[in-house]
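A short worksheet on the structure shown next.
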């Protein structure tokens, strides 16, 4: 097989139901249900007891081998999502930078003349606490996309570090101009 990771079966925890119907992988768990179309050159095989799934190619070609790892990771993330869920945390840094929740919307005060309103996509939960925003959901792609969209409102700048950053993200600082040079 193409990659080493793909040779290992994906373990399905108890309480998670996995099945493939008409080229669509369906995963159902305690936190919700996810579905994703599987490329037609890739086979997903579910063990008899339903506790392991394997991903294999229909034939060994370069195009199929590149899709194989992606399909494997998507299936693994779907199983993790419906059983545990995914969370990303953003931090606000700057004087007067605030975040609050109004209904399903996130309202941000980021130094602009107006507040910024972000409407939460379906399946994404937002929570604020002091100067942090917690984004959680069962779909890893949707959680990451929501975090990236919120961060894009005010990316951290390199001189003072003000803006919205991922928790644990390191911002390389620049020195800035020096007075009296010349």
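The values are calculated or read from the model by the stated rules, or taken from the named source; none is laboratory data. Here the structure is a predicted model, which is why all the values come from computation and not from measurement. Note that each Cβ is placed from the backbone with ideal geometry, even for glycine, and that neighbours are counted across all protein chains shown.
Residues in segment 124-157 that are in contact (Cβ under 8 Å) with a residue 12 or more places away in the chain and part of a strand (DSSP E or B): 124, 125, 126, 127, 128, 132, 133, 134, 135, 136, 137. Inspection of segment 115-122 finds a residue satisfying the criterion of being in contact (Cβ under 8 Å) with a residue 24 or more places away in the chain and over 30 Å from residue 16 (Cβ atoms). State the number of residues belonging to segment 129-139 that are more than 30 Å from residue 74 (Cβ to Cβ) and in contact with a strand residue (DSSP E or B) (Cβ under 6 Å, 6 or more places away or on another chain). Residues that pass the stated criteria total 1.
Restricting attention to segment 157-170, does a residue exist that is within 21 Å of the chain's Cα centre (by Cα), exposed (fewer than 11 other Cβ atoms within 10 Å of the Cβ) and at pLDDT 95 or above? Checking segment 157-170: not a single residue is within 21 Å of the chain's Cα centre (by Cα), exposed (fewer than 11 other Cβ atoms within 10 Å of the Cβ) and at pLDDT 95 or above. Regarding residue 176, is this residue in contact with a strand residue (DSSP E or B) (Cβ under 9 Å, 6 or more places away or on another chain), touching a residue at least 12 places away in the same chain (Cβ under 8 Å), on the phi > 0 side of the Ramachandran plot and not assigned by TED's automatic domain parsing to the domain that holds residue 35? No: the conditions fail for residue 176. Residues of segment 86-123 being closer than 30 Å to residue 12 by Cβ, surrounded by 15 or more Cβ atoms within 10 Å (Cβ to Cβ), touching a strand residue (DSSP E or B) at 6+ places or on another chain (Cβ under 6 Å) and modelled with pLDDT of 95 or more, which ones? Within segment 86-123, 88, 89 qualify.
Taking segment 79-94 as the range and being out of contact with any helix residue (DSSP H, G or I) (no Cβ under 8 Å at 6 or more places or on another chain) and free of Cβ contacts under 8 Å to residues at least 60 places away in the same chain as the test, the residues that pass are 84, 85.
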